[in-house]
Amino acid sequence: MSEVHIVGAGIHPFGRTDGRSGLDQGIYAVREALADVGLEWKDMQFAFGGSSAAGSADAMLPHLGLTGVQFINVANGCATGGSSLLSGYWAIKSGEFDIGIVTGFDKHPRGAFNPDPEASGLPRWYGDVGMMLTTQFFALKIQRYMSLYGITPMTLARVAEKAFENGSKTPHAWRREPVDAKTILQAQMLSDPLTKYMFCSPAEGGAALILASDKKMRELGLKGPRVLGAAVRTRVNGSFEVFSPSLDIERGPSPTEIASKAAYEMAGVAPTDIDVAQIQDTESGAEVMHMAENGLCQNGEQEKLIADGETRLGGKLPINTDGGCLACGEPIGASGLRQVYENVQQLRGRAEGRQVENANIGYSQVYGAPGLSAVAILAA
Amino acid sequence: MSLSAAAAQEADTPPMAANLFEIAADGPHLIGGRRKSDGRVVFPTPSGAEGQKYEAVKLASEGKLWSYTIQRFRPKSPPYMGADDEKTFQPFALGYIELPGQVIVESRIEVDTFARLKIGMPMRLAIVPFARADGKTVSSYVFRPVQ
């Protein structure tokens, strides 16, 4: 089996780029990644690509070159980017391929999605009475968590404040203006306890990563972080997921907890080894809960850790150093790859203006509907 | 609402779906499904072939508030079918209620003051009319704090 390294990384700025299709943002990211390593499209032996709302990913091929490359479209809900990475990781680890690319892009319409109850296997009345909103799910999950573990609304505001502060230092971020915690707390309430600044928005963007075996990497004279472990896991009984008219009284682990444990085990590292982490922050509360679900702290410790600034740049464990989904938005096909892109930049010492000193181990986790999570752990 | 008034109302306004709730001698109940293989209780009972694996179970009409939120903006239509519009929309509470020994169900919540809601407080089921955008009124279910 081969060791797998990420030797090149490219990104198209996230946010809103009027006049440029999602596909073109994906192509832009691929070209950036190729330029990063000085290679051409014809050098890629495989590609895995995903897009949720901007067409088929392999529509990139006529633009990049019809080289006959193995191109596989990946669709796995909100964890599409993480799943593309995992697919590329296996392709090289198995010894079948030496070098290839994983990519994703998206361009979502403005505002929240219009879910269809029947497409989710739910009765129509559930949508009729106004209970089919993703925003409600996030609010319900954090509201209970706050009550169980003593997390305050100020902590939610501080998470968003940090996101916008980090976003202001990140060229690929969308929200680049700092917003203070008081403004965040007093902003329009959307679904208690979450105000409008505490939610991320659907957006646009593209990201691409070039993966290579250690042998190929040396042959080409390249360098890059090694993928120590990567895992995707789905929901089990007792997991709390979006659009659930009922829940089991006996609670179970979340898909994030399962994916996280599997990735730590593969990587042979412990949560205390992590130097920088990018974790799913669909809204402020998700970041708080995912800190514990990823083993980065115990339930309830977030209140003090966040108040003490330990998750900010300069803290003990900087989280979402590029502003996360809150500052970058969430283009589904690209979002998980953005997290890994940011870790690659951090581990290569290229995160100018937001660099975590001596970053050696980077952790990323993307979570979403209908209840799945993808984790990747990298070492510099 | 007295039992006879509830029954009268149900006669006027058809339930928003079949097999969702019933009004028994001791008041209204949601109808859940108990999986024959392992006893897992769900709400509502799955439809179609999956439903064959379940038997109907009368759910407790009282439980404890498990979590809640307030829907502050009018949900998008579709799927929302409320008769209100952007101007007349009134924020509403919703949440999960744990029915002891059975299941945790999601429900709209009726409460005079949102600030009264506290996780763990006792809640009771009620059947209420729901005015739809298509001019029809159906009966729906809510939970209310036990006075």
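The phi torsions of region B:27-37, fed into the Karplus equation with coefficients 6.51, -1.76 and 1.60 and a -60° offset, translate into couplings of x, x, 9, 6, 10, x, x, 10, 5, 5, 6 Hz, rounded to whole numbers, with Gly and Pro shown as x. Non-local lysine pairs in region A:130-247, meaning eight or more places apart or on different chains, with alpha-carbon distances under 29 Å, amount to 10. Helix A:134-149 and the longest principal axis of the C-alpha atoms of chain A enclose an angle of approximately 70°. Lysine pair count for region B:3-145 with Cα-Cα distance under 21 Å and sequence separation of 8 or more or different chains is 6. Unpaired cysteine residues in chain A (no second Cys Cβ under 4.7 Å): A:CYS78, A:CYS297, A:CYS328.
Each residue in A:ILE279, A:ILE249 was given a count of other beta-carbon atoms within 10 angstrom of its own, and listing them fewest first yields A:ILE249, A:ILE279. When B:ARG116, B:ARG35, A:ARG175, A:ARG235 are sorted by how many other C-beta atoms sit within 10 angstrom of their C-beta, beginning with the fewest, the order is B:ARG116, B:ARG35, A:ARG235, A:ARG175. Put a dot 7 Å past the Cα of B:THR137, heading toward its Cβ, do the same for A:GLU301, and the two dots end up 5.6 nm apart. Divided by 2.2 N^0.38 Å, where N counts the residues, the Cα radius of gyration of the protein assembly as shown comes to 1.02.
Treating r as the C-beta distance of B:ILE31 and B:PHE73 and R0 as 30 Å, the FRET efficiency rounds to 0.45.
Between A:ASP116 and A:ARG218, what FRET efficiency follows from the Cβ-Cβ distance if R0 is 56 Å, with the result rounded to 0.05? Calculated value: 0.65. If you line up the long axis of helix A:284-293 against the longest principal axis of chain A, both from Cα atoms, how many degrees apart are they, to the nearest 10? Compared with the principal axis, the helix lies near 70 degrees.
You can think of it this way: the chain between B:GLU55 and B:THR113 has 17.1 nm of extra reach, that is 0.36 nm per residue less the Cα-Cα gap.
Bridge orientation summary for region B:3-145: considering DSSP beta bridges with both residues in this region, about 95 percent are antiparallel.
Sorted largest first, the spans of the alpha carbon positions of region A:190-322 along the three principal axes are 54, 35, 33 Å.
Please find the FRET efficiency linking A:TRP90 to A:HIS63, where r is the Cβ-Cβ separation and R0 is fixed at 30 Å, and quote it to the nearest 0.05. The formula returns an efficiency of 0.70 here. Candidate cross-link partners of A:LYS304 among the aspartates and glutamates, defined by an alpha-carbon separation under 15 Å and a same-chain spacing of 8 or more, comprise A:GLU287.
Across region B:3-145, Cα pairs under 8 Å and at least six residues apart give a relative contact order of 23 percent. With one equal scatterer per alpha carbon and no solvent term, the Debye-computed log10 I(q)/I(0) for region B:3-145 at 0.12, 0.21 1/Å reads -0.54, -1.40. When DSSP beta bridges are restricted to pairs lying wholly in the protein assembly as shown, around 80% turn out antiparallel.
Inter-chain neighbour count for B:89-95: the average number of beta-carbon atoms from partner chains within 10 Å of each residue's beta-carbon is 3. Measuring how big region A:27-105 is from its alpha-carbon positions, Rg and Dmax come out at 11.8, 33 Å. Applying the Karplus relation 6.51 cos²θ - 1.76 cosθ + 1.60 with θ = phi - 60° to region B:103-117 yields 3J(HN,Hα) values of 6, 9, 10, 8, 7, 5, 10, 9, 8, 5, 10, 4, 5, 6, 5 Hz, where x marks Gly and Pro. By the beta-carbon count within 10 Å of each Cβ, the least crowded to most crowded order of B:LYS118, A:LYS107, A:LYS216, A:LYS93, fewest first, is B:LYS118, A:LYS93, A:LYS216, A:LYS107. Remark on region A:77-185: hydrodynamic radius 18.2 angstrom, per the Kirkwood mean of 1/r across alpha carbon pairs. So, with +1 on the Cβ of K and R and -1 on the Cβ of D and E, and no other charges, what is the size of the charge dipole of the protein assembly as shown about its Cα centre, to the nearest 20 debye? Value, rounded to 20: 220 debye. Enter the angle in degrees (range 0 to 90, nearest 10) between the Cα long axis of helix B:3-12 and the first principal axis of the Cα atoms of chain B, meaning the one along which they spread out most. Compared with the principal axis, the helix lies near 80 degrees.
With N counted as the residues of region A:306-380, its alpha-carbon radius of gyration over 2.2 N^0.38 Å works out to 1.10.
When the Gaussian network model of chain A links Cα atoms closer than 10 Å, the mean-square fluctuations of A:SER246, A:SER254, A:SER56 top out at A:SER246. Residues of region A:296-334 with an amide N closer than 18 Å to a point placed 7 Å from the Cα of A:THR152 along the Cα-to-Cβ direction: A:300-311. Between A:ALA292, A:ALA259, A:ALA208, the Gaussian network model of chain A with springs among Cα atoms under 10 angstrom shows the greatest mean-square fluctuation at A:ALA292.
Positive contributions from Lys and Arg (+1) and negative ones from Asp and Glu (-1), summed over other residues with Cβ under 9 Å from the Cβ of A:SER51, come out at 0. Near the amide H of B:PHE92, within less than 5 Å, lie the amide hydrogens of B:GLN71, all on another chain or at least 5 residues away, with H placed in the peptide plane.
Every number here is computed from the coordinates shown, using simple stated rules; none is lab data. None of these values were measured; they are calculated from a predicted model. Quick reminder, even Gly has a Cβ in these numbers, built from the backbone with ideal geometry, and neighbours come from all protein chains shown.
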